[in-house]
1. For the range 133-240, build the charge dipole from Cβ charges (+1 Lys, Arg; -1 Asp, Glu) around the Cα centre, then report which of Trp218, Ile153, Gly138 sits farthest towards its positive end.
2. Once label points are set 7 Å from the Cα along Cα→Cβ at both Glu191 and Leu5, what is their separation, rounded to one decimal in nm?
3. Could you please put Val58, Val202 in sequence from largest to smallest accessible area, using a 1.4 Å probe?
4. Output wanted: per-residue J couplings in Hz (rounded whole) for the range 28-38, from phi through Karplus 6.51 cos²θ - 1.76 cosθ + 1.60, θ = phi - 60°, x for Gly and Pro.
5. Taking Cα centroids, how far is the range 123-163 from the range 166-181 in Å?
6. If you place +1 on the Cβ of every Lys and Arg, -1 on the Cβ of every Asp and Glu, and leave all else neutral, what size is the dipole of the chain about its Cα centre, to the nearest 20 Debye?
7. Of the labelled options (i) 1.01; (ii) 1.03; (iii) 0.94, which one gives Rg/Rh (Cα atoms, Kirkwood Rh) as computed for this structure?
8. Give the residue list of trypsin sites (Lys or Arg not before Pro) in the range 156-225 that are DSSP loop and have at most 13 other beta-carbon atoms within 10 angstrom.
Amino acid sequence: MICSLERGLNVLEYLNTVRASTAHEIARELKIPRPTVYRILETLENRGLLYRSVSDSVFRLTGAVRHLGEGFIDEEWIRNLGAPLLQRLGEKVLWPTDLATFKDDAMIIRVSTHSFSPFSVDVGMIGRKRHLLKSPLGRAYLAFCPEQERREILASLRRSPDPDNALSRDEAFLEKMIASSRANGYSNCRELDHAKCASIAVPIMLHDTVFACINIVWVAATVDYEEVITRYLPDLLQTKRDMEAGLLKMGYEGMTLAPPDGAVAVAA
């Protein structure tokens with residue numbers, strides 16, 4: 001393994017986790033000699049992947065790091081439509097928001113505002129999985145996708161030995177969850193015990209095709225569920241409508257998306 005490359009990647013990963021750091025902190029945490037850290041930071045800065053604050057000598061990643069993954073992604077609509085609109089939503093509601101797409105019986109977070117939300121308790125959300133039956137993102141997808149697709153997904157979950165998929169065999173739960181999500185226009189997991197966070201999610205659709213699902217996440221102990229519905233659901237639904245209108249303008253009407261393989265990060 002090329003040691004200098006490994007160290008450079010470690011610095012990028014570290015900055016992606018902590019958001020901002022000094023050269024001294026990077027050297028201490030990664031156990032890399034400080035002169036080496038300065039050389040790495042200078043190289044990354046010259047490549048436009050990070051910038052240094054003049055006031056406090058703190059280094060932060062730039063939006064250019066997104067392009068490192070473009071060979072691994074991505075649908076045009078997520079990059080050009082979904083990410084900007086999700087960022088607009090995050091800036092308005094302040095709570096973290098995510099955009100996720102379906103792949104391999106799970107929802108994969110493709111875009112996230114956790115990196116710049118002042119209320120986020122998580123970082124590095126891109127690429128994380130969310131359970132289809134134990135997350136609002138997953139429930140929104142299942143509730144609004146075509147019936148035949150839902151049957152196939154549930155059949156796959158029922159074959160899984162994972163105990164978390166036991167709900168896929170609970171017909172009463174499934175019927176209630178789907179009916180409630182469709183009646184409300186959004187999905188939740190209020191009956192599940194989440195120690196830190198709660199969320200609601202809505203599908204991004206054209207006709208009967210679910211392109212993605214988006215959510216708003218909040219700290220459950222600080223905001224009542226009813227207050228979220230009153231204050232933030234309208235913004236979430238407006239973002240949904242704007243994404244769907246944008247998909248129409250981009251010519252996606254009647255198209256079925258292939259399963260996504262990648263992720264797009266919203267820059268801080």
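The values are calculated or read from the model by the stated rules, or taken from the named source; none is laboratory data. Please read these numbers as outputs of a predicted model, since none were measured by experiment. Here Cβ is always computed from backbone atoms with ideal geometry, including for glycine, and neighbour counts include all displayed protein chains. Side chains are part of the model used for accessible areas, which takes the heavy atoms of the whole protein and leaves out ligands, DNA and RNA. Shrake-Rupley method; radii C 1.70, N 1.55, O 1.52, S 1.80 Å.
1. It is Ile153.
2. 5.1 nm
3. Val58, Val202
4. 5, 6, 9, 6, 10, x, 4, x, 5, 4, 4
5. First find each Cα centre; the distance between them is then 12 Å.
6. 560 debye
7. This structure yields the entry labelled (i).
8. Hits after loop and neighbour filter: Arg190, Lys196.
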